[in-house]
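What follows draws every value from the coordinates through simple rules; no lab data is involved. Bear in mind the structure is a predicted one, so any value in this text is a computation, not a measurement. With ideal geometry, Cβ positions are generated from the backbone for all residues, glycine too; neighbour counts draw on all protein chains shown.
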Amino acid sequence: MAVGTLMIWISLIVILLAAAGAIVLQVYLSGRESRIPGLLLPLLSFLYSLFLVFNLIITENMSAWSIIGLIAGTLAAGNLSTLLLLVIYFIRRDKIKQKKQLDKMNIQDL
């Protein structure tokens, strides 16, 4: 029992470290001059959510509504990380835009 609990804790720590690393990487990439690097992780996250949808198992006895609900739920759960990464991206890009405008105003004041 203790070995199983230890493995769960180790797995949880690894997942949290990977998530923190992804967030730090997204902040760094979103702060770059070019817009493209900041959109890389959200794109990969979205493609992964599509991969999850394409790997769903749909049986013959499922109704159309249950299939639609399954697909919608998978997309919603799979795109939570995409949404978080896009929020980070837009916040960083807005700060860069404000800084550029402030620099532009300071140059005009001179």
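Spatial offset of the stretch 20-61 relative to the stretch 82-110 amounts to 23 Å, using the alpha carbon center of each. Counting neighbouring Cβ atoms within 10 Å and putting the fewest first, the residues Phe90, Phe46 line up as Phe90, Phe46. The charge dipole of the chain, taken about its Cα centre with unit charges on the Cβ of Lys, Arg, Asp and Glu (plus for the first two, minus for the last two), comes to roughly 480 debye. Over the stretch 18-61, the fraction of Cα-Cα pairs per 5 Å bin, rounded to whole percents and listed from the shortest bin up, is 5, 20, 19, 18, 13, 9, 6, 5, 4, 2, 0.
Using just the helices of the chain, give the 222 nm mean residue ellipticity in deg cm²/dmol: DSSP H runs with n ≥ 4 each add -39,500 (n - 2.57), and the total is spread over all residues, rounded to 500.
So the helix-based figure for the chain works out to -28500 deg cm²/dmol.
Each of Val3, Val53 was scored by other Cβ atoms within 10 Å of its Cβ. Listed from fewest to most, they are Val3, Val53.
Per the Kirkwood formula on distinct C-alpha pairs, the Rh of the chain is how many angstrom?
17.2 Å
The slack in the chain from Ala19 to Val53, taken as 0.36 nm per residue of separation less the alpha-carbon distance, amounts to 10.1 nm. In the chain, a dipole from Cβ-located charges (positive for Lys and Arg, negative for Asp and Glu) runs towards its positive end, and of Asn79, Met62, Ile36 it is Ile36 whose Cα lies farthest in that direction.
Return Ser34, Ser45, Ser66 ranked ascending by Cβ neighbour count within 10 Å, so the fewest neighbours appear first.
Neighbour counts put them in this order, fewest first: Ser34, Ser66, Ser45.
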